[in-house]
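S.K.: Take a look at the following structure, please.
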Amino acid sequence: MNQELFLLAVLDGISYAALLFLVALGMTLVFGVMRILNMAHGSLYAFGGYFAATLGLWAVSKGLSPAWSFLWLVLAALVIGALLGTVMEVLLLRRIYHKEQILQLLVTFAAFMIFEDLQRMIWGAQPYFVSDIVNYLGVAEVLGITYTRYQLMVLPGVALVVFVGLRWFLKSSRTGRQIVAVAHNREVATAMGIDAKRICLLTFVAGSMLGALGGALASPTTSLVPGIGAEMIVLSFAVVATAGLGQIEGTLVTALLIGLARSFAVYLQPEMEVLVPYLIMVAVLLFRPQGLFSVAQARRV
Amino acid sequence: MFNKKIIGAMLAAASAFAFSQGAFAQAKPAELKIGITTFTSGPASVFGVPAKQAAELYLEDLNAKGGINGVKVTPTFIDEGVGGDKLLSEYRRVVQEQNVKVMLGSISSGSCNTLAPVAEDLKVLNILWDCGTEKVLEERRYKYVVRTQANATTEMVASVLYLLRQKPNFKTIAVVNQDYAWGRDSWELFSQTLKILKPDVKVVAELFPKFGASDFSTEISRLQALRPDVILSTSWGGDLDTFVRQSAQRGLIKNAQFVLPLAESSLERLGTTLPDGVIIGARGDHYFLHPVLKDDPKLKGFVEKFKAKTGAYPIYSVYHMIQALDGLVAGYDKAIKANKGQWPSTEQLAEAMHGLKFRGLTDEVKIREDGQGLEDQLLGTTRKTAAYPFPILDKIEIYPAEMAIAPVGQKSVDWVKTIKPEILKDPRIKTFPPVN
């Protein structure tokens with residue numbers, strides 16, 4: 001493998017990691033605050049994608065410029081995240097925060113199945129694809145290889161903005177600090193006057209929006225098909241588990257690690273491509289069961 | 001004397017027995033229940049859902065005309081998307097509890113491999129209606145399992161032939177197939193055939209991205225660096241659409257000869273994304289603009305009706321469904337005739353299916369004694385026209401099934417190694433002039 005191919009593999013890895021990061025980030029944020037592993041997170045990815053495609057198709061039929069697509073992509077994520085996130089938190093999760101983890105998993109998995117059917121009822125079984133934005137932005141040549149500007153710039157750019165924005169939000173804003181407090185210890189935070197119920201709702205909606213944003217941003221490059229949510233949930237779970245549940249910086253590093261490992265596998269050992277994320281996960285969890293970036297936790301009781 | 005009497009009595013008894021057997025009339029049922037396994041969930045529902053719509057459309061018509069010999073046919077659909085074990089128990093439930101005598105299964109080769117031995121045990125006629133695996137009928141001889149369409153061998157050999165006849169001058173090839181049984185097996189058949197007919201060709205990359213992969217950008221970068229002359233993909237559904245779109249967005253599709261043996265099912269969805277000159281297969285000889293049969297009332301009428309109902313042109317899984325149902329009706333007709341007008345037992349029906357000749361929407365299909373269907377293969381090259389918002393197939397060639405299938409009793413992997421270069425000039429190949 002020469003230097004050029006090395007660079008190409010890095011570029012491919014980064015754009016893939018960007019999407020993975022956005023989806024895994026939503027999942028880990030929700031877990032960090034509510035200690036719930038939301039299996040329905042993949043549905044938010046799927047719904048975000050489908051809804052963005054629907055808006056995109058509508059815009060095309062109205063003859064709007066593809067430049068507007070940026071608006072549709074973000075709008076779709078916000079609407080789906082707010083809508084489904086609120087419905088799920090208020091109707092489902094609120095009732096199971098104190099239940100056993102296995103029950104939480106089952107309940108969110110049930111929600112996932114329901115969403116999956118709902119998605120098929122609304123959008124049917126045929127693949128959806130709206131790629132006007134990608135064609136509009138055009139392509140760029142790197143070392144004689146053609147890349148789309150969308151994957152080269154937009155995806156990593158958005159991921160970076162979201163990462164920096166979220167870190168700033170959690171560290172510096174009032175609500176952000178409340179979220180961190182609830183994540184740290186819900187009871188103490190409540191005792192200090194934080195409305196934990198509101199924080200949980202807010203976090204869940206934000207996490208859902210991130211999942212939906214991942215789907216919306218993926219929609220111009222991929223076909224939306226039934227089952228796309230399930231694909232994503234498995235991979236983002238691998239990222240989240242490798243990083244350590246609830247670790248935001250760790251999720252970024254792990255998503256990059258897995259994205260790069262995967263693209264290097266395609267160049268060097270294509271047979272390993274599918275396996276690589278899980279090999280990394282197993283290798284990490286064997287030695288650090290709490291994940292790469294989790295710090296040892298003090299016993300609460 | 002005494003002996004003669006006994007022998008006479010025995011003869012009489014025997015002939016009475018034989019007679020009662022021969023004229024043994026199955027009571028004509030009030031309705032014929034059939035089970036159909038198809039994907040209504042998961043990625044393969046791109047095939048399953050249109051095929052289910054086709055079955056409903058077909059049976060509605062059939063029943064309006066009085067069904068099979070006056071017996072109405074009612075379907076029970078089973079979702080293949082639930083996976084192996086669940087599918088198996090659903091299959092058993094439908095057969096044993098609802099007393100279904102005829103099953104149509106399945107789309108997935110994995111499902112077909114699982115269900116075929118079970119059908120044999122349950123003594124229920126199973127029509128393999130869409131799956132491609134050649135192994136299922138090569139590894140075991142079944143009494144109750146038949147296939148109403150071609151298998152992967154015919155499809156892949158025909159694809160190699162079309163490529164070599166249309167674009168013989170290439171030196172390198174790369175493959176991008178889905179990482180599951182079909183992706184692997186189809187490449188094995190394709191590459192073995194190619195090696196025999198064009199030994200100097202070099203395989204520069206064998207990529208098997210995950211089944212259901214949503215992103216091929218790394219594969220595409222690598223292919224751009226390798227610059228193969230030909231890129232083969234036997235993928236289908238969302239995977240194929242995504243691969244083609246991403247290849248088109250990044251210009252790969254213009255720099256290599258794409259060969260997509262299953263892409264007839266994606267033509268309409270991909271719209272103008274596919275450029276001219278891409279080689280497309282149809283998994284059979286069915287195509288709504290079939291060069292000989294496009295004005296045939298049966299094909300044309302069905303295409304119009306299907307389009308009015310679903311808004312889309314039929315794809316190969318739809319044709320395969322109709323073919324299986326037409327085959328079943330023809331099988332019943334043959335069995336009833338053989339049974340002197342009486343309703344046949346499942347055993348008699350299964351026997352009638354072997355050696356059956358029938359017509360679906362396109363050319364006649366013959367079912368061999370091993371249960372394998374002989375179905376011609378149609379391939380073409382994309383070309384944009386003003387008449388449709390997606391490319392049509394140009395330079396169509398049709399390959400008769402007989403020249404591209406392992407003989408009864410021989411395994412395909414062995415047979416493809418015996419293919420001779422003369423096959424490229426086989427006079428049975430039908431060619432058609434370019435579309436104006």
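The values are calculated or read from the model by the stated rules, or taken from the named source; none is laboratory data. Predicted, not measured: the structure shown is a model, and the values here were computed from it. Methodologically, a virtual Cβ is constructed for each residue, glycine included, from the backbone with ideal geometry; neighbour enumeration extends over all protein chains shown.
S.K.: Scan segment A:221-236 for residues that are at the interface with chain B (Cβ under 7 Å from one of its Cβ atoms) and surrounded by fewer than 24 Cβ atoms within 10 Å (Cβ to Cβ) and jot them down. If you could, list the steps in order and put the result at the bottom.
M.R.: Pass one, segment A:221-236, residues at the interface with chain B (Cβ under 7 Å from one of its Cβ atoms): A:221-223, A:225-228, A:231.
Passing the criteria: A:G227, A:E231.
S.K.: Only residues that are free of Cβ contacts under 8 Å to residues at least 60 places away in the same chain, surrounded by fewer than 20 Cβ atoms within 10 Å (Cβ to Cβ) and farther than 23 Å from B:A44 by Cα: list them for segment A:258-274, please.
M.R.: Answer for segment A:258-274, where residues must be free of Cβ contacts under 8 Å to residues at least 60 places away in the same chain, surrounded by fewer than 20 Cβ atoms within 10 Å (Cβ to Cβ) and farther than 23 Å from B:A44 by Cα: A:Q269, A:P270, A:E271, A:M272.
S.K.: Here's something else I'd like to know. Using the structure shown, decide if A:F109 is assigned to a helix (DSSP H, G or I), out of contact with any helix residue (DSSP H, G or I) (no Cβ under 7 Å at 6 or more places or on another chain), within 27 Å of A:A243 (Cα to Cα) and more than 13 Å from chain B (Cβ to nearest Cβ). I'd like the intermediate steps shown before the answer.
M.R.: Working: assigned to a helix (DSSP H, G or I): yes; out of contact with any helix residue (DSSP H, G or I) (no Cβ under 7 Å at 6 or more places or on another chain): yes; within 27 Å of A:A243 (Cα to Cα): yes; more than 13 Å from chain B (Cβ to nearest Cβ): yes.
Against the criterion (assigned to a helix (DSSP H, G or I), out of contact with any helix residue (DSSP H, G or I) (no Cβ under 7 Å at 6 or more places or on another chain), within 27 Å of A:A243 (Cα to Cα) and more than 13 Å from chain B (Cβ to nearest Cβ)), A:F109 qualifies.
S.K.: So which residues in segment B:159-176 are within 14 Å of chain A (Cβ to nearest Cβ) and of a type outside the set (V, I, T)?
M.R.: Residues of segment B:159-176 within 14 Å of chain A (Cβ to nearest Cβ): B:174-176.
Listed by number, the list holds a single entry, B:A174.
S.K.: Scan segment A:112-140 for residues that are among the β-branched types (V, I, T), surrounded by 14 or more Cβ atoms within 10 Å (Cβ to Cβ) and more than 10 Å from chain B (Cβ to nearest Cβ) and report the count.
M.R.: Taking segment A:112-140 as the starting set, the residues that turn out to be among the β-branched types (V, I, T) are A:114, A:122, A:130, A:133-134, A:139.
Those left that are additionally surrounded by 14 or more Cβ atoms within 10 Å (Cβ to Cβ): A:130, A:133-134, A:139.
Applying the additional criterion that residues be more than 10 Å from chain B (Cβ to nearest Cβ) yields A:130, A:133.
Total meeting the criteria: 2.
S.K.: So, in segment B:248-277, of the ones that are surrounded by fewer than 19 Cβ atoms within 10 Å (Cβ to Cβ) and small (G, A, S), which residue ends up farthest from B:T382 (Cα to Cα)?
M.R.: So, considering only residues that are surrounded by fewer than 19 Cβ atoms within 10 Å (Cβ to Cβ) and small (G, A, S), the one farthest from B:T382 (Cα to Cα) is B:G251.
S.K.: Here is a check on your reading of the model: is A:K171 exposed (fewer than 14 other Cβ atoms within 10 Å of the Cβ) and either touching a Leu at 6+ places or on another chain (Cβ under 8 Å) or in a helix (DSSP H, G or I) (or both)? Walk me through how you get there before you give the answer.
M.R.: Working: exposed (fewer than 14 other Cβ atoms within 10 Å of the Cβ): yes; either touching a Leu at 6+ places or on another chain (Cβ under 8 Å) or in a helix (DSSP H, G or I) (or both): yes.
Here the answer is yes, as A:K171 does meet what is asked.
S.K.: Still on this structure, please answer the following. Which count do you get for residues in segment B:199-238 that are at pLDDT 90 or above, of a type in the set (D, E) and within 17 Å of A:Y16 (Cβ to Cβ)?
M.R.: Residues in segment B:199-238 being at pLDDT 90 or above, of a type in the set (D, E) and within 17 Å of A:Y16 (Cβ to Cβ): 1 in total.
S.K.: Please verify whether B:L163 is hydrophobic (A, V, I, L, M, F, W, C) and more than 25 Å from B:G238 (Cα to Cα), treating the condition exactly as stated.
M.R.: Spelling it out, it is not the case that B:L163 is hydrophobic (A, V, I, L, M, F, W, C) and more than 25 Å from B:G238 (Cα to Cα).
S.K.: Then there's this: Is there a residue in segment A:240-253 that is touching a strand residue (DSSP E or B) at 6+ places or on another chain (Cβ under 7 Å) and either free of Cβ contacts under 8 Å to residues at least 40 places away in the same chain or farther than 20 Å from B:P209 by Cβ (or both)?
M.R.: First, pick out the residues of segment A:240-253 that are touching a strand residue (DSSP E or B) at 6+ places or on another chain (Cβ under 7 Å): none.
Checked segment A:240-253: no residue is touching a strand residue (DSSP E or B) at 6+ places or on another chain (Cβ under 7 Å) and either free of Cβ contacts under 8 Å to residues at least 40 places away in the same chain or farther than 20 Å from B:P209 by Cβ (or both).
S.K.: If a residue has to be hydrophobic (A, V, I, L, M, F, W, C) and in a loop (DSSP other than H, G, I, E, B) to count, how many in segment B:158-176 make the cut?
M.R.: From segment B:158-176, those hydrophobic (A, V, I, L, M, F, W, C) are B:158, B:160-161, B:163-164, B:170, B:173-176; that's our starting set.
From the residues that got through so far, the ones that are in a loop (DSSP other than H, G, I, E, B) too are B:170.
Residues in segment B:158-176 being hydrophobic (A, V, I, L, M, F, W, C) and in a loop (DSSP other than H, G, I, E, B): 1 in total.
S.K.: For B:Y144, all conditions in the list (1) over 17 Å from the mean Cα position of the chain (by Cα); (2) more than 22 Å from B:V329 (Cβ to Cβ) hold save one; what is the number of the exception?
M.R.: Evaluating B:Y144 over (1) over 17 Å from the mean Cα position of the chain (by Cα); (2) more than 22 Å from B:V329 (Cβ to Cβ) leaves (2) as the failure.
S.K.: Residues that are more than 30 Å from B:E304 (Cβ to Cβ), in contact with a Pro (Cβ under 8 Å, 6 or more places away or on another chain) and at pLDDT below 95: list the helices (runs of 4 or more DSSP H) wholly contained in segment B:46-157 that include at least 2 such residues. Talk me through it step by step, then tell me what you get.
M.R.: Details: elements: B:84-97, B:109-122, B:135-138.
Per the criteria, no element qualifies.
S.K.: Checking A:G42 against (1) over 29 Å from A:V266 (Cβ atoms); (2) small (G, A, S); (3) within 14 Å of chain B (Cβ to nearest Cβ), only one condition comes out false. Which one?
M.R.: (1)
S.K.: For segment B:197-240, how many residues meet the condition of being in contact with an Asp or Glu (Cβ under 7 Å, 6 or more places away or on another chain) and hydroxyl-bearing (S, T, Y)? Full working, then the answer.
M.R.: We begin by selecting, within segment B:197-240, every residue in contact with an Asp or Glu (Cβ under 7 Å, 6 or more places away or on another chain); these are B:207-214, B:217-218, B:221.
Next cut, hydroxyl-bearing (S, T, Y) only: B:214, B:217-218, B:221.
The qualifying residues number 4.
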